[in-house]
Each structure stands twice: as C-alpha cells, then as structure tokens.
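Novice: Submitted below is the structure of interest, expressed as structure tokens.
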Amino acid sequence: MGSGSCAGSYHPIMTQVYTARFAIGQIVRHRDDAFRGVVMDVDHAYDGPAGETGLVAADQPFYRVYALGDDGGFVAYAAEGVLEDGQSVLLPDDADRWFTTDGLGHHAPLDEQLH
C-alpha cells in the first residue's frame with residue numbers, strides 16, 4: 001500500500017453508553033404526576049414507531065411502567081427524562097393492593113411477571 005492509502009486503516013468510533021437510572025421493580029412517578037407505578041422493563045432507547053416521541057429525545061432509556069390509575073392498572077411507556085424516583089408516593093395500602101414486594105423492597109404487579 002502506498003502512502004496516504006486508507007485501506008486497512010483503523011478509525012475508532014466513539015459511542016455514548018447510557019445506564020438506566022431506574023431498575024426493574026423500582027417505583028417511579030411521572031414528573032407531571034400523570035401516573036406512578038413500578039418499572040417492568042427497560043429499553044436502552046425508544047422502541048416504538050418512528051416519530052412518535054414528540055419533543056422527548058428517543059436516544060435515552062424508555063421504561064414500561066405498570067402504573068396505577070383511578071380505574072385500575074395500565075402499562076405506560078415513558079422516557080427516563082420524564083420519570084422521577086417515586087418511592088415516597090406509594091402508600092402502603094396501594095402497595096398491598098397492587099404489588100408483591102420482595103426482600104429488597106422491589107415491587108412486581110400482582111397480575112404480571114417481571115423478567
């Protein structure tokens with residue numbers, strides 16, 4: 001190979017690795033109090049139809065949260081940027097009604113299996 005040839009040269013690619021802030025079984029709440037619930041699953045980035053995140057960045061962890069509403073539970077898919085630690089907002093009666101709790105304090109919905 002002559003000088004100046006790029007063939008076989010190594011060009012490192014820099015990537016940024018995100019670490020999920022919330023763990024499966026952790027209680028979270030939406031920052032606007034839209035819901036509170038338990039993390040059931042986490043994706044390293046948005047994993048839904050393209051263009052449906054609105055103003056929320058798609059390149060952050062997204063969580064499936066078993067959320068509590070007035071009419072029962074539902075699953076929400078939310079970006080990390082809109083979630084906060086919600087441990088202090090879950091009342092003991094809610095915990096007993098909707099979740100099982102392991103020895104570490106992690107919660108799981110009564111009617112769903114966590115993986």
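Novice: Taking ALA67 as the residue in question, decide whether it is over 18 Å from ALA20 (Cα atoms), touching a His at 6+ places or on another chain (Cβ under 9 Å), in a strand (DSSP E or B) and not aromatic (Phe, Trp, Tyr). Write out each step before concluding.
Specialist: On the way: over 18 Å from ALA20 (Cα atoms): yes; touching a His at 6+ places or on another chain (Cβ under 9 Å): yes; in a strand (DSSP E or B): yes; not aromatic (Phe, Trp, Tyr): yes.
The answer is yes for ALA67.
Novice: Still on this structure, I have one more. Restricting the search to the stretch 21-43, which residues are in a loop (DSSP other than H, G, I, E, B), touching a Gly at 6+ places or on another chain (Cβ under 9 Å) and of a type outside the set (S, T, N, Q)? Before you say what the answer is, go through the steps one by one.
Specialist: Looking only at the stretch 21-43, we keep the residues that are in a loop (DSSP other than H, G, I, E, B), and these are 21-26, 31-35.
With the extra rule that they be touching a Gly at 6+ places or on another chain (Cβ under 9 Å), the set shrinks to 25-26, 31, 35.
Matches in the stretch 21-43: GLY25, ARG31, PHE35.
Novice: Check the stretch 76-97 and report whether any residue there is surrounded by 15 or more Cβ atoms within 10 Å (Cβ to Cβ), assigned to a strand (DSSP E or B), modelled with pLDDT of 75 or more and touching a Leu at 6+ places or on another chain (Cβ under 8 Å).
Specialist: no
Novice: Search the stretch 62-85 for residues that are touching a residue at least 12 places away in the same chain (Cβ under 8 Å) and more than 12 Å from ARG36 (Cβ to Cβ) and pair each with any residue that is of a type in the set (S, T, N, Q) and in a loop (DSSP other than H, G, I, E, B) when their beta-carbon atoms are under 6 Å apart and the residues are at least 6 apart or on different chains.
Specialist: ALA79/GLN60; GLU80/GLN60; GLY81/GLN60
Novice: Looking for something out of contact with any Gly (no Cβ under 9 Å at 6 or more places or on another chain) and under 15 Å from ARG31 (Cβ atoms) - is there at least one such residue anywhere in the stretch 71-78? Walk me through it before giving the result.
Specialist: The initial filter retains those residues of the stretch 71-78 that are out of contact with any Gly (no Cβ under 9 Å at 6 or more places or on another chain), namely 71-72, 78.
Okay, now just the ones that are also under 15 Å from ARG31 (Cβ atoms), so 78.
Yes: the stretch 71-78 contains one or more residues that are out of contact with any Gly (no Cβ under 9 Å at 6 or more places or on another chain) and under 15 Å from ARG31 (Cβ atoms).
The values are calculated or read from the model by the stated rules, or taken from the named source; none is laboratory data. From a predicted model like this one, the values you see are computed outputs, not experimental measurements. Glycine also receives a Cβ, built like all others from the backbone with ideal geometry; neighbour counts cover every protein chain displayed.
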